[in-house]
Amino acid sequence: MRTLQRFDLYRKVPRDLTEPTVSGAAVSCCTVILGLYLFVSEFLVFVNRRWDSEMFIDESKTEEKLQINLDVTLPAMPCELLSFDAQDVMGSHEVDAHGNLWKERLTSKGDLIQREEIKNSHYGASSSLTRHFSFNYDNQDVERIRQMIHSGEGCRVVGFVRVNKVPGNVHLSTYSHSYLFGSLYQETRNMNISHKINHLSFGLDADISYIKTKVQGTGIVSPLDGVSQIVIEKKTGAFVDTAIFEYYTKVVPTTYIPLDRPALHVYQFTANTNKIMNQQMPSLYFRYDFSPVTVQYKETRESFSHFLVQICAVIGGIFTVAGIVDSVLHKSIVHLAKKAQVGKLVEALCRRSHKGSQPSTAGAAGATGGGVAWRRSDQVGYSMCSAARSVCKQ
């Protein structure tokens, strides 16, 4: 056992050989408070999750489909005159495209009249790329549309559509109903393409919602939400200046890898807008192009081993620094106390020497030998006082 005790690096000092001090107590309190603060800070860093980002070249296949989520309100455009079309650089052009899109008829006050799904057009047969129509609106249909325009009906298009993952555009337009403009010439001159984009995003809508609520501040997945464009009617009573609104978006594929769920694949994008005055057919374009760079966000957290190392470093560092501070403070106080004690002794010695330098009347009337003895004691007292004062100054 004694052989084993020789390897003890933390040998204990008997308690009766230690002495508590006020300065040591003050340093100890400060050490405990600072240690607790640093421990809590490190613990919060340990339990907190963070997102690390990196970029690399997109290697996805061109056969993949892209989901576009859309929610647009046109308060002065009847649904009967609108079609939702999709076109891309590969030559695909689908008129009245549909995925899971709905048209909602709105009153002039914005109340819902009717909701219906955008289906294959009832005009005629369709080919693989472009649908061709045989126009079979009768007079009753024309009169019904005229009544919609005069009553100030609006339309809301909401849902999603899947397109090829290549540059292209989707647009809300009146092109597929342009043959009606001859019968509704006066009414169509007042068509207003004013609109509000309630939501526009690329990717699965559930993933977009998760990113917007759980991972805020890491990406721009819907910058056009809430954007509105108003076509102002002329005060002179002339016809409305119709226009084509174009939104140019640059789409960046983005992957989120959380710790507690599968990876999320969404698309960030930036957008610019342009307005083209057009006296014929108003429309609303969303043009998109893809960035070759993919952004990846990975959720990480500090490992327990790293947290343990940090805590040990905090505890060891703070107690080492506190020991140095306590040692310097204790030595300073002891040194000052010694100086103060020496000063008191010098003062007492000087006062005693000063009293001894004043002979009494009886002593003055004594023999001459007594006077000589008094002068010698005076010189010795002053010499001791001067020496003590010099020591005190040091």
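Rank-order 210-218, 250-258 by packing density, defined as the average count of other C-beta atoms within 10 Å over each peptide's residues, highest first.
Per-residue Cβ counts within 10 Å, averaged per peptide and sorted highest first, yield 250-258, 210-218.
With a point put 7 Å past each Cα toward its Cβ, work out how far Ser332 is from Leu345 in nm, to one decimal.
A separation of 2.5 nm, rounded to one decimal place.
How would you classify segment 1-49 from its alpha-carbon gyration tensor, with a ≥ b ≥ c the square roots of the eigenvalues: rounded for a/c under 1.5, else prolate if a/b is greater than b/c, otherwise oblate?
oblate
Would you mind getting me the FRET efficiency between Trp51 and Cys30? Use the beta-carbon distance for r and R0 = 45 Å, nearest 0.05.
0.75
Could you order peptides 285-294, 194-203 by the average number of other Cβ atoms within 10 Å of their residues, highest first?
Going from most to least packed, we get 194-203, 285-294.
Using a 1.4 Å probe over the heavy atoms of the protein chains, calculate the carbon and sulfur portion of the accessible area of segment 263-321 as a whole percent.
C and S atoms contribute 63 percent here.
How high is the FRET efficiency between Arg115 and Asp260 when r is their beta carbon distance and R₀ equals 35 Å, given to the nearest 0.05?
0.40
Can you give the extra length, in nm with one decimal, that the chain gains between Leu9 and Gln229 once fully stretched, where that is 0.36 nm per residue apart less the Cα-Cα distance?
71.4 nm
How many percent of all Cα-Cα pairs in segment 263-328 sit more than 20 Å apart? If you can, show how the numbers build up before the last one.
Values: 1463 of 2145 pairs.
The proportion of pairs with Cα distances above 20 Å equals 68 percent.
Using the beta-carbon distance between Thr21 and Asn274 and R0 = 56 Å, what value does 1/(1 + (r/R0)^6) give for FRET efficiency, to the nearest 0.05?
Numbers: r = 78 Å, r/R0 = 1.40.
Here the calculated transfer efficiency is 0.10.
Packing-wise, with mean Cβ within 10 Å as the measure, how do 39-50, 162-173 rank, highest first?
Ranked from most to least packed, the peptides come out as 162-173, 39-50.
The values are calculated or read from the model by the stated rules, or taken from the named source; none is laboratory data. These figures come from a predicted structure and were not determined experimentally. Virtual Cβ from ideal backbone geometry, glycine too; neighbours counted across all protein chains shown. Note: areas computed on protein heavy atoms with side chains; ligands, DNA, RNA excluded. Shrake-Rupley method; radii C 1.70, N 1.55, O 1.52, S 1.80 Å.
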